[in-house]
Amino acid sequence: MDLYSSIFTRKSTRNFNSTPLPENKLSEIKSFIESVKPLLPDAKITYKLVGPEEVKGIGIPKAPHYFLIYGKEQPLKNTCAGFLFQHVDLFLFAQGYAARWLGMMKPKEADADYIIGIAFGSPEEPMSRTLADFDRKPLKEISEGSDPRIEAARLAPSGLNGQPWYFVANKGVIYVYCKKKINGLPGMMYKLTDLDVGIALCHLAVATEHSGKAFEFVMTKGAPAAPDGYVYLGTVK
């Protein structure tokens with residue numbers, strides 16, 4: 001399993017094979033979820049693994065499986081959810097499966113703790129791409145200072161491809177900021193920019209561990225002032 005290399009070739013998929021994954025593979029995925037260290041020690045993110053009969057929403061791709069992701073009110077709830085389940089997204093890709101984050105999907109049974117969903121299964125279309133195929137902002141638009149790990153975060157997926165993150169690197173430390181809202185009319189309706197930054201933080205964690213170091217995320221005082229339109233979320237050491 002190589003989560004790091006998945007970052008540079010992974011692609012969201014809309015077309016899935018309708019055949020469910022074997023039970024032993026679903027058990028393996030569940031075990032992997034339990035193995036992921038949460039972004040914050042007290043983060044309580046839960047999920048349900050369901051079939052298509054238990055989800056609803058506009059433009060939902062047909063897939064054999066869906067994750068419904070939930071969280072009680074807590075610090076950085078959405079960010080912690082994005083962090084955890086982007087690990088799952090990368091794990092699925094490394095196993096030869098495809099996934100897609102679904103901000104418009106809802107569970108059939110309403111729940112105030114629901115955050116977001118993910119469709120996954122075997123792909124019915126190419127699920128890889130080259131670096132040239134990524135539609136992402138250049139590093140100079142999303143960061144200040146230099147740290148090779150930021151390239152992995154730059155390639156993270158995000159709702160509306162808004163890429164609502166900013167990083168300030170200084171002496172091995174990366175300060176992380178979240179854009180308050182995405183510009184334009186669609187951005188007025190989109191409320192998960194903090195979850196998207198959690199996805200980027202997953203990529204930072206995987207890149208950090210790939211370099212042989214332990215990943216640590218803390219919320220500290222003394223971070224550089226947030227760029228205009230952004231808020232400080234935390235610091236990667």
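Taking the Cα centre of the chain as origin and assigning +1 to Lys and Arg Cβ atoms and -1 to Asp and Glu Cβ atoms, the resulting dipole is close to 400 debye. Under a model in which nothing but the beta-carbon of Lys, Arg (+1) and Asp, Glu (-1) is charged, the range 145-237 shows a dipole of about 160 debye around its Cα centre.
What the Cα convex hull of the range 41-195 gives, in volume per residue, is 141 Å³. Among 97-106, 74-83, 38-47, the peptide with the highest mean count of other Cβ atoms within 10 Å heads the list, and the full ranking is 74-83, 97-106, 38-47. A straight chain from F8 to A132 at 0.36 nm per residue would run longer than the Cα-Cα distance by 43.6 nm. Note on the range 95-155: the C-alpha convex hull projects to 7.1 nm² when averaged across all orientations. Counting only whole DSSP H helices of the chain, the ones at least 15 Å long by C-alpha along their axis and with mean Kyte-Doolittle hydropathy no lower than 0.0 are 77-94, 193-210. The label point for H210 and the one for Y114, both projected 7 Å from the Cα toward the Cβ, are 3.4 nm apart. Accessible surface area normalised per residue over the chain is 49 Å², counting heavy atoms of protein chains with a 1.4 Å rolling probe.
Counting pairs of Cα atoms in the range 114-186, how many percent are more than 13 Å apart? Value for the range 114-186 (Cα pairs over 13 Å): 73 percent. Projecting label points 7 angstrom from Cα along Cα→Cβ for V50 and N161 puts them 3.0 nm apart.
Overall, the anisotropy analysis places the range 129-237 in the oblate class: the square-rooted eigenvalues a ≥ b ≥ c of its C-alpha gyration tensor yield a/c not less than 1.5, with a/b not exceeding b/c. Could you tell me how far the Cα centroid of the range 4-56 sits from the Cα centroid of the range 177-237, in Å? Answer, in whole Å: 22. Roughly how many percent of the accessible protein surface of the range 1-157 is carbon and sulfur, given a 1.4 Å probe and a whole-percent answer? So the carbon and sulfur contribution to the accessible surface is 52 percent. When +1 charges are put on Lys and Arg Cβ atoms and -1 charges on Asp and Glu Cβ atoms, the dipole computed for the range 1-75 relative to its Cα centre reaches about 260 debye. Each peptide in 52-59, 13-20 gets a packing score, the mean of other Cβ atoms within 10 Å over its residues, and the list from highest to lowest is 13-20, 52-59.
The values are calculated or read from the model by the stated rules, or taken from the named source; none is laboratory data. Worth saying up front: this structure is predicted, and the values here are computed from it rather than measured. Positions of Cβ are generated from backbone atoms using ideal geometry, with glycine treated the same way; all protein chains shown enter the neighbour counts. Quick note on the areas: whole protein, heavy atoms, side chains included, nothing else; ligands and nucleic acids left out. Shrake-Rupley method; radii C 1.70, N 1.55, O 1.52, S 1.80 Å.
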